[in-house]
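The values are calculated or read from the model by the stated rules, or taken from the named source; none is laboratory data. Every value quoted in this text rests on a predicted model; they were computed, and no experiment measured them. So basically every Cβ, Gly included, is an ideal-geometry build from the backbone, and we count neighbours across all protein chains shown.
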Ligand SMILES: Cc1cc2nc3c(=O)[nH]c(=O)nc-3n(C[C@H](O)[C@H](O)[C@H](O)COP(=O)(O)O)c2cc1C
């Protein structure tokens, strides 16, 4: 318990420093989550690399007889286009979560789609942090734009998101309220600035008790775009037993 408290305090300090480094007066209340590891925090650093390079084509690799859908949410998902957001460590010109989504798509095939909030998130880190904290405090259910696909028609649903205030972004709560994914296989992947998955894989299982939630992957947002992160994602996909 003592160790957990130390880790939580360390993460809170790291987040506070990160926010301060962005030059804002944003307060740094400690989000309620004990299982945290303060190993890294988000930054604006970019890692220019094509997320889909060097991979086999999607059509070649889709799990036999299984329809695969890859959904991902990021603050950079806006209605007009993917935006450049300081709330998002960009991997080349895509968000860290989208970068992983595209690797998954390249390996697993199927369809890929962004979850786009109906109201854009602020693109500055500090404003986004404040906005998301208000949403979490109010247990909000922010709307998202209609998907062009029906998740009911898929067998395996990969879902990607950044951890926000130690939890699922609230728009993901809206998603899980909207869709009953009973009978589906859900495969989470997420990006973070030090909290790792923050217990969100278990949260997804609780939101979708009728689904089978496989072991997800947690990738540091600032590592997205690197060869080692790509290899981690590829290795993880191979452990899933979907092919
Ligand atoms: C609103 C907000 C809240 C965040 N909260 C946390 C957090 O609690 N723990 C953590 O490790 N990282 C946190 N981060 C960092 C993001 O999880 C990380 O930068 C992630 O890679 C962003 O994904 P993206 O590039 O797809 O937007 C937060 C970032 C934002 C914008």
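Below are the figures for this structure:
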| read-out | value |
| --- | --- |
| Test: residue 183 is assigned by TED's automatic domain parsing to the domain that holds residue 126 and surrounded by fewer than 22 Cβ atoms within 10 Å (Cβ to Cβ) | yes |
| Only one of 114, 101, 132 that is in contact with a strand residue (DSSP E or B) (Cβ under 9 Å, 6 or more places away or on another chain), over 21 Å from residue 147 (Cα atoms) and buried (at least 19 other Cβ atoms within 10 Å of the Cβ) | 132 |
| Residue match in the range 164-176 (condition: closer than 21 Å to residue 105 by Cα and surrounded by 19 or more Cβ atoms within 10 Å (Cβ to Cβ)) | yes |
| Residue match in the range 118-141 (condition: assigned by TED's automatic domain parsing to the domain that holds residue 203 and under 30 Å from residue 243 (Cβ atoms)) | no |
| Filter pass, residue 242 being buried (at least 19 other Cβ atoms within 10 Å of the Cβ) and more than 13 Å from the ligand (Cβ to nearest atom) | yes |
| Options 195, 148: the member that is in a loop (DSSP other than H, G, I, E, B) and either away from the ligand (no atom under 16 Å from the Cβ) or not assigned by TED's automatic domain parsing to the domain that holds residue 98 (or both) | 148 |
| Residue in the range 208-218 that is within 12 Å of the ligand (Cβ to nearest atom) and surrounded by fewer than 21 Cβ atoms within 10 Å (Cβ to Cβ) present | yes |
| Pick from the range 193-210, criterion more than 16 Å from residue 170 (Cβ to Cβ) and free of Cβ contacts under 8 Å to residues at least 40 places away in the same chain, ranking: farthest from the chain's Cα centre (by Cα) | 210 |
| Subset tally (residues that are within 14 Å of residue 206 (Cα to Cα) and in a loop (DSSP other than H, G, I, E, B)) for the range 151-182 | 5 |
| Residue check for residue 126: surrounded by fewer than 16 Cβ atoms within 10 Å (Cβ to Cβ), over 16 Å from residue 206 (Cα atoms) and within 15 Å of the ligand (Cβ to nearest atom) | no |
| Residues satisfying the stated conditions in the range 114-143, i.e. touching a residue at least 60 places away in the same chain (Cβ under 8 Å) and either closer than 17 Å to residue 70 by Cβ or part of a loop (DSSP other than H, G, I, E, B) (or both) | 115, 124 |
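To keep it simple, each residue is scored yes or no on (1) over 22 Å from residue 232 (Cα atoms); (2) modelled with pLDDT of 95 or more; (3) in contact with a helix residue (DSSP H, G or I) (Cβ under 8 Å, 6 or more places away or on another chain); (4) part of a strand (DSSP E or B).
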site	(1), (2), (3), (4)
70	no, yes, yes, yes
75	yes, no, yes, no
79	yes, no, no, no
85	yes, no, yes, no
88	no, no, yes, no
100	no, yes, yes, no
105	no, yes, yes, no
112	no, yes, yes, yes
